[in-house]
1. Please give the peptides 246-252, 271-277, 128-134 ranked by average Cβ packing (other Cβ atoms within 10 Å per residue), highest first, as a rough proxy for protection.
2. Grab every C-alpha pair in the stretch 106-173, bin the distances at 5 angstrom width from 0 up to the longest one, and report whole percents.
3. Can you give me the Rg/Rh ratio for the stretch 250-323, using Cα atoms for both radii and the Kirkwood formula for Rh?
4. Taking the Cα atoms of the chain, report the difference between the largest and smallest coordinate on each principal axis, in whole Å and largest first.
5. Over the chain, what is the relative contact order in percent, taking alpha-carbon pairs closer than 8 angstrom and at least six residues apart?
6. So if I take the alpha carbon set of the stretch 159-240, get Rg, then get Rh from the Kirkwood formula, what is the Rg over Rh ratio?
7. Can you compute the charge dipole magnitude of the chain about its Cα centre, using +1 on each Lys and Arg Cβ and -1 on each Asp and Glu Cβ, nothing else charged? Give it in debye, rounded to the nearest 20.
8. Just the Cα atoms of the stretch 290-345: what Rg and Dmax do they give in Å?
Amino acid sequence: MLFTGVVGAQDQRLGTAQLADGARVAYALTGSGPYLLVVPGWLSHLELGWAIPAERLFHESLSSGRTLVRYDRPGCGLSAAYAGPRTMALELATIDAVTEALGITACDVLGWSLGAAVAAQWAADQPERVSRLVLYGGWATGDAVGDEDSRRHVLGLLASHWGLGSDLLTDLFAPEADAGTRLALARYQRAASSPETAVALLRLAYALDVRASLARVRAPTLVLHRRGDRAAPLEQSRALADAIPGARFVALEGRSHLPAVGDVESMVGQVRRFLGLPRLRRTVPTGLTARQTEVAALVADGLTNRELADRLGITERSAESHLERIRLRLGFRSRSQIAAWYVAHK
């Protein structure tokens, strides 16, 4: 019999770990149960990412039945500033610091994008610490991500115009997101790091090559990739699966590189089945509070602020406050965006 889990609103618990040089690394925990460590993609910000409904819902979906561990690598998000070289060694040391701070001796691991190569390397180096491994949207060698000219162009654009560069990459990473979510994601990237850090981490992504280590991975492994992903080649995830003993490869439909955008339900379903977790049903599918969801539904029905206030038995000022909080939560600017978003997610 297949039991059904429930995903709803959760709070994240923040903590810090330390690298050998004393640098502070921020991490966040959600849910309960055995640990599931997420090795992040290019940039992250624990607080701002949690405020984006699509990203929050994705993480909450993985937190039902697991203690989800997320972290900001040095120089990103809530972690301490970092001006040193970006290397695989630093990436692995960051995972070591976080897991040791939490007393984790073994855990499941999910690595995506840049984090997929890092997670695979950590699993190869420390097989006793990785119970099961999930890789999404990754690559075995970074020089297969675009051609040399395109890589040089993207790096140059990020270095010279961080705002335009983040907008460009957001469109590349999340073509299936609505306009409000894309706007929030672009702002999120700019807040997550300096342009210098963004460039350095993208250079690292292009430089990583874990092909020689993949045969040493011993954990049961699931490799996922969306067929239409333009940010990372589908063939590179196939290469990961082919080189890891016993790995299973699943091609998902969709065009978005970010795991929290697009057909998230299919991806979460694949991950949860692989980890032996039950299917989910959602209590609040929007990432909003119950009252905010009710207000969004009324906006989608075309009610004015006065009509909305009358329907809910509140003042017009209170109705305006609800709408403002919804706009801030979703990264939107207008009522029409709220209405379109509610209909799309209903």
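1. Working: 246-252: 15.7, 271-277: 17.7, 128-134: 19.3.
Highest to lowest by the protection proxy: 128-134, 271-277, 246-252.
2. Percent of pairs per bin, in order: 4, 15, 18, 18, 15, 11, 9, 7, 1.
3. Values: Rg = 18.0 Å, Rh = 15.1 Å.
When Rh is taken as the Kirkwood radius, the ratio is 1.19.
4. 65, 55, 40
5. Working: 670 pairs, mean separation 69.2, N = 346.
Rounded, it is 20 percent for the chain.
6. Details: Rg = 15.5 Å, Rh = 14.9 Å.
When Rh is taken as the Kirkwood radius, the ratio is 1.04.
7. Working: 39 positive and 35 negative charges, 124 e Å.
My answer is approximately 600 debye.
8. Here Rg and the maximum Cα pair distance are 10.0, 28 Å.
Only the coordinates and a few stated rules stand behind these numbers; no lab work does. Source: prediction; values computed, not measured. All Cβ positions, glycine included, derive from the backbone under ideal geometry; neighbour counts span all protein chains shown.
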